[in-house]
Amino acid sequence: RQLELAERPLRAYSWNLAASLLGILAFLAVSWFGLPPSLWVATVFLGLGLLQDQTRLGIGLACLAIPAALLLHDVSTPSDFSLWTPYQQVRVMKDAFPDGELRQTLVRVNHTAYQTMVDLSAPFLDRHPGLVEEPTDENPYNLPFSFTSPAPRVLIVGAGTGNDAAAAVRHQSLAVNAVEIDPGILALGSNHPEHPYSAPQVSVHVTDARAFMRRASGPYD
């Protein structure tokens, strides 16, 4: 309707299209840099204030950016912090032994339990006997390798923070394709205590699992 009322509709349409493209680029930047809601909600209020014809209303909306940023600010510590990925909010909570050594890292996605990043390497378990209740071979991450051939080729769909990849490396897998769509989750996996994503036999793929399977060569064990 506003485009029809404009004196120069073509120019008005060009401005409208440019603003739409700018919005898409802004959304891409927010996702790419993982910016928190305290920043982008405050920016929205500032933008709304600038678009108002009435000065008083514009100033009022712009001032709302301050309480919005304060209310949405996430107080974090090195052992308890949140990340904003292109797909979700990820909260990371590190649990350490009294001597400071990392015991495990709890990961929650959108306020729901997602995964516990654990160290199941032999040296770590030797230093902390009794930490894992079930026999090592019966651990859910190790168990699949009791039923496959030696040096298997492994495909991990939804590789997460690297527990499955670490298990594949521990069992001398020939090749491991780790597929994970969320780059933020993979970034957490780079800090996995066993560093599976740095192993030479592990290939990391940041993509949708269905897209990967359409071009995967295989075979996998």
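The values are calculated or read from the model by the stated rules, or taken from the named source; none is laboratory data. In this text the structure is predicted, and so the values were computed from the model without any measurement. Using ideal geometry, Cβ is built from the backbone for each residue, glycine included, and neighbour counts are taken over all protein chains shown. Areas reflect the complete protein model, heavy atoms only, side chains present, ligands, DNA and RNA absent. Shrake-Rupley method; radii C 1.70, N 1.55, O 1.52, S 1.80 Å.
The relative contact order of the chain, computed from alpha carbon pairs under 8 Å that lie at least 6 residues apart in sequence, is 12 percent. Split the accessible area of the chain by element, probe 1.4 Å, and carbon with sulfur accounts for 62%. For the chain, leaving out every one of the GluC sites (Glu not before Pro) that falls in a DSSP loop and has at most 13 other Cβ atoms within 10 Å, the longest unbroken run is 8-100.
Database remark: amide H of Q104 closer than 5 angstrom to the amide H of D95 (H placed geometrically; neighbours at sequence offset of 5 or more, or on other chains; Pro and chain starts carry no H). Computed over the Cα atoms of the chain, the ratio of the radius of gyration to the Kirkwood radius (Rg/Rh) comes to 1.14. Pairwise alpha-carbon distances in region 88-188 exceed 24 Å for 29% of all pairs. Note that region 32-169 presents 63 Å² accessible area per residue, ligands and nucleic acids not counted, probe 1.4 Å. Each residue was assigned an accessible area with a 1.4 Å probe, and for I156 the value is about 10 Å². When only Cα pairs below 8 angstrom with a gap of at least 6 residues are kept, region 118-221 shows a relative contact order of 27 percent. Each Lys or Arg adds one and each Asp or Glu subtracts one; over the other residues with Cβ under 13 Å from the Cβ of K94, this totals -1.
Averaging the sequence gap over all C-alpha pairs within less than 8 Å and six or more residues apart, then dividing by the number of residues, gives region 54-101 a relative contact order of 21 percent.
Only protein heavy atoms count here; under a 1.4 Å probe, Y141 has an accessible surface of about 50 Å². Membrane-span-like helices in the chain (whole DSSP H runs, Cα extent of at least 18 Å along the helix axis, mean Kyte-Doolittle hydropathy of at least -0.5): 9-33, 37-50. Note on the chain: helix-only mean residue ellipticity at 222 nm, from DSSP H runs of 4+ residues weighted -39500 (n - 2.57) and normalised by residue number, equals -11500 deg cm²/dmol. When the trypsin sites (Lys or Arg not before Pro) in region 1-79 are filtered for DSSP coil states and for at most 13 other beta-carbon atoms within 10 Å of their beta-carbon, the remaining sites are R1. Computed from the Kirkwood radius of its Cα pairs, the Stokes-Einstein diffusion coefficient for region 166-220 at 4 °C and 1.567 mPa s stands at 109 µm²/s.
Annotation: the antiparallel percentage among DSSP beta bridges lying fully within the chain is about 65.
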